[in-house]
């Protein structure tokens, strides 16, 4: 699943995660010469202070949830090892349109590993698992080489000494299934089973991998940790726009002139991303819609161009930031066809554990294909709308909710396109 037709990642006004000095691949010497290891040195001296710094920085989960990172950290820190504690650095990244984590793993693996080791010290973790999409061969190679250097370095020795037990680093390719990115599914895979999502409670902080307290954070979230610890919470908060904090890696794709990964202040307006950094739309066409956070999130339209792209601002618009994947759609593209394609993806990706998801996504996909090919009826459309009411919250994971949100949003913004596609 290597990114196709994507340009070199672009750096915005705030160079934090993708600063050129940090994009050294697995070269540990170059990474340390540019300041790598400074955060770990501070964490070794006062691990408990790291949690407070993360709280003050208002770092949020950047894998899609936007949940305050410090809350999950505190929950795991409060638990007694049984006999271990785990940290899963989630880089499954299989959402269509999302390709940010692979850039961090491939080009800046050492800052990801340092962030993970600092996190481990802060909450008492001794088992760190880098859970990575198995199709990202370059990312896996870079991480493998970087982990080997850490295992032979004084940095990991110092961290283990401070923790009072050895910190183990493991690189684990995921299952290749979309559903494998869900946090409880990742724990199942780490335990050697098929990645079926688990029911909650118990939550991972109390009973995760092999029943041990477990923290699951996204690669981008963990990559921020060392910079916050080294420079302070106030510095990180100041990077954002308005009430937002830090920077965000936005994956820009679709009908734009310059697709790629852009690191910009959290809260950057959608207009700036598309037209200033993305170069505008192909062939100068007008904007029709944007899938935010990948196709499992709601659609935005031209009236939303000035919305700040942060968790709270988008939620106020009935949308989600998600992973920060912005898939741009120009005028002339049929929404029904595009939604049908994504619903087909969700139906294929359902693990089948929950009947409502397995049957629901398959039914939505089948009816949308009928409508898209001109064979659908008004009854088919009514059935789809009823499913959007019945299905949310019926599965163990977010897949069915995302599939419904996409369809419901398309109905809301483009009802005429669905009616016009029906059989005369």
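The values are calculated or read from the model by the stated rules, or taken from the named source; none is laboratory data. As the structure is a prediction and not an experimental result, all values here were calculated from the model. Cβ placement follows ideal geometry from the backbone for every residue including glycine, while neighbour counts extend to all protein chains displayed.
Quick notes
- Residue within segment 18-27 that is part of a helix (DSSP H, G or I) and modelled with pLDDT of 90 or more present: no
- Here the condition is being part of a loop (DSSP other than H, G, I, E, B), under 24 Å from the mean Cα position of the chain (by Cα) and either at pLDDT 60 or above or closer than 29 Å to residue 151 by Cβ (or both); of 7, 2, it holds for 2 alone.
- In this entry, residue 418 is excluded by the filter for residues that are within 28 Å of the chain's Cα centre (by Cα) and at pLDDT 95 or above.
- Test for residue 177: is it over 28 Å from residue 58 (Cβ atoms), surrounded by fewer than 20 Cβ atoms within 10 Å (Cβ to Cβ) and in contact with a strand residue (DSSP E or B) (Cβ under 9 Å, 6 or more places away or on another chain): no
- For segment 365-379, the set of residues classified as farther than 24 Å from residue 289 by Cα and in a helix (DSSP H, G or I) consists of 378, 379, listed by residue number.
- Lone qualifier among 258, 277 - being within 24 Å of residue 338 (Cβ to Cβ), surrounded by fewer than 22 Cβ atoms within 10 Å (Cβ to Cβ) and out of contact with any helix residue (DSSP H, G or I) (no Cβ under 8 Å at 6 or more places or on another chain): 277
- Flag for residue 270 being under 20 Å from the mean Cα position of the chain (by Cα), more than 29 Å from residue 140 (Cβ to Cβ) and crowded, with 22+ Cβ neighbours inside 10 Å: yes
- Among residues that are in a helix (DSSP H, G or I) and over 26 Å from residue 235 (Cα atoms), residue 71 is not included.
- Matching residues, segment 99-132, being surrounded by fewer than 24 Cβ atoms within 10 Å (Cβ to Cβ) and either under 18 Å from residue 253 (Cβ atoms) or not assigned by TED's automatic domain parsing to the domain that holds residue 222 (or both): 106
- Within segment 86-124, tally of residues that are part of a loop (DSSP other than H, G, I, E, B), on the phi < 0 side of the Ramachandran plot and in contact with a helix residue (DSSP H, G or I) (Cβ under 8 Å, 6 or more places away or on another chain): 6
- Test: residue in segment 347-364 that is outside any helix (DSSP H, G or I) and either free of Cβ contacts under 8 Å to residues at least 12 places away in the same chain or closer than 30 Å to residue 286 by Cβ (or both): yes
- Every residue from segment 273-298 that is without any contact (Cβ under 8 Å) to a residue 40 or more places away in the chain and under 16 Å from the mean Cα position of the chain (by Cα): 292
- Only one of the listed residues (164, 176) is over 19 Å from the mean Cα position of the chain (by Cα) and either free of Cβ contacts under 8 Å to residues at least 60 places away in the same chain or in the same structural domain as residue 61 (by TED's automatic domain parsing) (or both). That residue is 164.
- Within segment 299-317, being more than 20 Å from residue 249 (Cβ to Cβ), surrounded by fewer than 16 Cβ atoms within 10 Å (Cβ to Cβ) and in contact (Cβ under 8 Å) with a residue 40 or more places away in the chain holds for one residue alone: 301.
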